[in-house]
Amino acid sequence: MANFDLEIPQERVNILSFLRQTEIKCSRQNSESNRSFDLAYQVWEKVSEQLWFLGYWNDYFNCGNIVLKSAKAVGNAEIKAQLLSELGWACMEWEEFAQAEKYFLESLQTYESIANLKQQCRLLRYLGVLSYRQRKLDSALKYYRLALDIVTANSTVASANDNWAFHEAELPNVLGEFYLDLQDFPASYRELNLSLERYRSLINKYRYYQADPLLNLGRWHFLQGDCETAKQYYQECLQLCKEINRPDTRASVLLNLAELAEARGKLEEAIELAAEAEQVAGTEVTSVRDRAARFREQLLTKKTVAEGRNKKKKRKK
């Protein structure tokens with residue numbers, strides 16, 4: 001199969017066109033349908049991760065939605081469940097929470113019907129993250145604990161299996177973020193450090209996921225008033241995001257650095273960082289872009305007020 005340069009817009013258009021053609025063939029449900037679906041899924045597996053990591057989330061969703069329709073047409077339950085979970089995560093990032101929940105629940109039910117425990121664990125974690133982002137904290141903890149129960153029951157094979165080891169690394173990260181929100185700082189610190197330690201022990205392909213516990217540890221120190229250590233974690237996270245070309249977390253950490261700069265009284269630096277976060281988020285990472293835009297506006301208002309006060313002081317002199 002040919003390599004794709006997904007940073008070329010026309011290449012992404014061509015992939016979308018190809019997948020639409022295969023969807024038509026799959027919908028006919030004849031002798032060629034399964035072969036056409038296999039080709040479509042091979043393309044998806046080749047491009048989806050890169051589309052996501054490069055931040056082309058709209059193209060990711062559009063391509064994935066076509067493959068999902070094709071999977072349903074040929075009756076492939078496992079791949080249907082996979083696509084539902086992946087598209088659900090995209091919806092969650094766009095804060096389309098009702099649609100995300102619909103995708104996640106259908107995916108979980110499908111994985112339960114085919115007795116796939118690893119993927120059930122993943123979907124329970126996804127549902128926990130979704131609940132957490134909606135501030136449904138009781139539901140979030142319930143889902144996290146259900147996922148943790150599955151991992152614990154399979155811990156004997158975790159060290160020999162990348163997929164289980166990933167769950168062992170990621171669950172402490174989401175739990176650490178959860179406890180941080182509750183201001184249970186000792187529990188949060190323990191979980192976040194455990195997550196980072198486990199990710200660093202895995203093979204290099206999981207380096208992408210280290211950004212999240214690094215970002216959360218920066219937030220942990222910021223909330224403790226330790227701005228210097230917070231900045232160190234943020235800068236390490238930012239450098240990693242640049243190296244692996246991860247725009248979503250790069251935008252988030254720039255926004256956190258803007259908040260840190262404001263807390264240290266560096267208003268101009270905070271405005272520049274918020275503007276950079278907004279730019280990096282672009283049209284794909286809309287939730288971070290909107291938060292960065294709102295924060296930048298608040299900073300500009302604060303700057304205008306401060307400048308007005310300074311002018312009044314000068315006139316009085």
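The values are calculated or read from the model by the stated rules, or taken from the named source; none is laboratory data. Since the model is a prediction, treat every value here as computed from it, not as a measurement. Here the Cβ positions follow ideal geometry from the backbone for every residue, glycine too, while neighbour counts run over all protein chains shown. Side chains are part of the model used for accessible areas, which takes the heavy atoms of the whole protein and leaves out ligands, DNA and RNA. Shrake-Rupley method; radii C 1.70, N 1.55, O 1.52, S 1.80 Å.
Quick look at the numbers
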| item | result |
| --- | --- |
| Residue, least open to solvent (accessible area, probe 1.4 Å), within segment 1-43, restricted to residues that are at pLDDT below 90 and hydrophobic (A, V, I, L, M, F, W, C) | Leu6 |
| Members of segment 170-200 that are in contact with a helix residue (DSSP H, G or I) (Cβ under 8 Å, 6 or more places away or on another chain) and open to solvent by 50 Å² or more (accessible area, probe 1.4 Å) | Glu177, Asp181, Leu182, Gln183, Tyr189, Arg190, Leu194, Arg198, Arg200 |
| Test: Leu137 is surrounded by fewer than 20 Cβ atoms within 10 Å (Cβ to Cβ) and touching a Leu at 6+ places or on another chain (Cβ under 8 Å) | yes |
| Near pairs, Cβ below 9 angstrom, 6+ apart or cross-chain, from segment 264-285 (among the small types (Gly, Ala, Ser)) to any residue that is not in a helix (DSSP H, G or I) | Ala270/Arg264; Ala281/Gly55; Gly282/Gly55 |
| Test: residue in segment 241-254 that is part of a loop (DSSP other than H, G, I, E, B) and farther than 18 Å from Leu175 by Cβ | yes |
| Residue selected from segment 38-60 under the condition free of Cβ contacts under 8 Å to residues at least 40 places away in the same chain and touching a helix residue (DSSP H, G or I) at 6+ places or on another chain (Cβ under 7 Å), by the criterion farthest from Glu95 (Cα to Cα) | Leu39 |
| Test: residue in segment 58-73 that is buried (at least 21 other Cβ atoms within 10 Å of the Cβ) and of a type in the set (D, E, K, R) | yes |
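Residue-wise test of (1) of a type in the set (Phe, Trp, Tyr); (2) over 18 Å from the mean Cα position of the chain (by Cα).
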{"residue": "Ser31", "(1), (2)": "no, yes"}
{"residue": "Ala40", "(1), (2)": "no, yes"}
{"residue": "Val47", "(1), (2)": "no, no"}
{"residue": "Phe61", "(1), (2)": "yes, no"}
{"residue": "Glu95", "(1), (2)": "no, no"}
